[in-house]
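The values are calculated or read from the model by the stated rules, or taken from the named source; none is laboratory data. Fair warning: this is a prediction, and the values are worked out from it, not measured in the lab. Positions of Cβ are backbone-derived with ideal geometry, glycine not excepted, and every protein chain shown enters the neighbour counts.
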Protein chains: 2
Amino acid sequence: MPKRVDHPIILGIVGDSASGKTTLSAGVAQILGEEHCSIFCTDDYHRYTRQERNEAGLSALDPRANYVDILEQHLRLLRRGEPVLKPVYCHTDGTLGRPRYFRPTEFVIAEGLLGYTTRAMRDCYDVKIYLDPEDDLRVKWKIHRDTTKRGYKLEDVVASLGRRKQDSPNFIHPQRTFADIVIRFQSPKGANGSDTQLDVRHLLRPTLPHPDFSPLFDGTSNAGLHLELARDRDGKPVDVLEINGNISDKRAERIEDLLWNLIPEAGHLRDEVGRIDIANGANGANKSHPLALTQLLVGYHAVKAAMGVRAY
Amino acid sequence: MPKRVDHPIILGIVGDSASGKTTLSAGVAQILGEEHCSIFCTDDYHRYTRQERNEAGLSALDPRANYVDILEQHLRLLRRGEPVLKPVYCHTDGTLGRPRYFRPTEFVIAEGLLGYTTRAMRDCYDVKIYLDPEDDLRVKWKIHRDTTKRGYKLEDVVASLGRRKQDSPNFIHPQRTFADIVIRFQSPKGANGSDTQLDVRHLLRPTLPHPDFSPLFDGTSNAGLHLELARDRDGKPVDVLEINGNISDKRAERIEDLLWNLIPEAGHLRDEVGRIDIANGANGANKSHPLALTQLLVGYHAVKAAMGVRAY
């Protein structure tokens, strides 16, 4: 790709525990091409082991329990194209291990809980995403992940959710306001509980040059896709894009075509990725148009940033 | 002290294994005031554990076995006054541990084996010292240290010295040429083998503003102290200052007074340190004028650098 900026593109994906950061990061990395893209986890910057935090009565989400200034410094160095020796936190046993050498690639997806905590951090990103799923959905995802992939018992996950009840509003939620796009997955009314049925709602702040969606609203059918001007909860103007889980395949493909056509520079990526719906699920049953289109939309902004396009 | 520069003073102390880096660093730190001074070990930047190096057939002294670019970056950040999260190598068992947060103080003594390897590293120092003791002396020191403080058997130390025979000329010795001062401790002819009898020879390159020693040569007695113009082994002009182990207490005190008087800004430090000979040894039997005066001379340059005095 004829990249026009001389630094790595830093794409931030921030959100609470089990808000879907890993899924979104992996999907975007696939779109951008895995050899051009590396994933940088900002949750490794813990100052203390799990035992030390317990002894000190500190939450892992508390900035005081993290090397906030070092994370700022490392994001700044990555943005300049420099490698960093990053700390490594072992989520399995809560210990701090040997650091890992990390050299930024063309695109760096920086994902984690506290990535937008300070102004100095926020200044390092080209695109800032905040994941804000419906809370019932997030709790369901967290229980599923922690009991199947992280070896916790159900009661431990529930207890952990209780302990963190104050941490999320104190440390995580305030970052929502700094994102260019706030992404909310939510269950439609009367849904059967399957994630493939989820709707997605993108709150688009005017801090990025969003694609022109108007060709999609040519009057043939508006089903499954909505765009409207709205006020965010703080009263500020935003665009709200909604993609419903039951959008037709044909209409989803039209959105996909529109987005790819707006980034002709990334045509070779499209050839590699193929139909992203197919790339995302091993079989048709897993496919979710809202998820696939969300990944493509985020990838679109990363490509535009690499071309030097910025709103502000 | 009315420090006139707005960055930490980085004092480099580089030399082969057991060349006296720790002793010199500790003495200089005491002169500069331990609350103003921190010691930064550049030997922690190993890329591999001992076992991994053995498997790969790599020496710990080989730049390829070290994060050379990260060490460059961290020295640069320290020089700007920024903290770093430095790696930690455990010399006892050869493993890599959790990194350590290091915030630079007014003076940072960066000591280790490979501190002057690259131009980017060398540009970070205000004062560069290279320790180049007589090799017989260094071998004696190494055997003593490794068998008493590091728990090695004599045969292991001898084997290690053999293995490193090529590493020193390949990786360590080439750094000598970049130092402002090359310090060589050596045994005088017919010495009794005690380190308190050692002579010291300072090779003073014109890359630093050295003190004017001429008041010391007023004709009353030249015994124990010599200064002469010479050529280094590469043919380049240098001053050579020699202080003999048998220099009289009175003459050593005159040198000490001269040096302290040249840095009136550090008068309060002198009050804290007292007579450095006394500060350095628990009893009179351990005192070495050449060592004490070497420490003071290095401290002198650190103070001058803090005052913004530079030769080039």
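Brief remarks on what is shown
- Filter result (free of Cβ contacts under 8 Å to residues at least 24 places away in the same chain and within 22 Å of B:Ser19 (Cα to Cα)) within region B:61-119: B:Ala65, B:Cys90
- Filtered residues of region A:32-52 (kept if within 14 Å of chain B (Cβ to nearest Cβ), crowded, with 16+ Cβ neighbours inside 10 Å and assigned to a helix (DSSP H, G or I)): A:Thr42, A:Asp44, A:Arg50
- Filter result for B:Leu296 (modelled with pLDDT of 90 or more, in a helix (DSSP H, G or I) and surrounded by 18 or more Cβ atoms within 10 Å (Cβ to Cβ)): yes
- The condition (being more than 14 Å from chain A (Cβ to nearest Cβ), buried (at least 17 other Cβ atoms within 10 Å of the Cβ) and over 12 Å from the mean Cα position of the chain (by Cα)) is satisfied by just one residue among B:Ala29, B:Ala60: B:Ala60.
- Of all residues making up region A:53-66, the number that are part of a helix (DSSP H, G or I) and in contact with a Leu (Cβ under 7 Å, 6 or more places away or on another chain): 3
- Consider region B:88-119 and keep the residues that are within 23 Å of B:His36 (Cα to Cα) and assigned to a loop (DSSP other than H, G, I, E, B). The one that is nearest to the other protein chains (Cβ to nearest Cβ) is B:Pro99.
- Test: B:Ile276 is within 30 Å of B:Asp135 (Cα to Cα), β-branched (Val, Ile, Thr), surrounded by 19 or more Cβ atoms within 10 Å (Cβ to Cβ) and modelled with pLDDT of 90 or more: no
- Criterion (assigned to a strand (DSSP E or B), surrounded by 13 or more Cβ atoms within 10 Å (Cβ to Cβ) and modelled with pLDDT of 85 or more) met by exactly one of B:His202, B:His210: B:His202
- Annotation: of all residues in region B:120-159 being touching a residue at least 40 places away in the same chain (Cβ under 8 Å) and among the hydroxyl-bearing types (Ser, Thr, Tyr), the one that is surrounded by the most Cβ atoms within 10 Å (Cβ to Cβ) is B:Tyr130.
Here's the yes/no breakdown for (1) of a type in the set (Phe, Trp, Tyr); (2) at positive phi; (3) modelled with pLDDT under 95:
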site: A:Val5; (1), (2), (3): no, no, yes
site: A:Gly12; (1), (2), (3): no, no, no
site: A:Glu52; (1), (2), (3): no, no, no
site: A:Gly57; (1), (2), (3): no, yes, yes
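- Of the residues in region B:120-128, at least one is more than 16 Å from the chain's Cα centre (by Cα) and within 14 Å of another protein chain (Cβ to nearest Cβ).
- Picking from residues in region B:71-87 that are more than 9 Å from chain A (Cβ to nearest Cβ) and buried (at least 16 other Cβ atoms within 10 Å of the Cβ), the one that is farthest from B:Asp126 (Cα to Cα) is B:Leu71.
- Filter result (β-branched (Val, Ile, Thr) and closer than 18 Å to B:Ser168 by Cα) within region B:24-63: B:Thr42
- Region A:221-235 residues that are within 18 Å of A:Val182 (Cβ to Cβ), paired with ones that are not in a strand (DSSP E or B) (beta carbon under 6 Å, 6 or more apart): A:Leu227/A:Phe213
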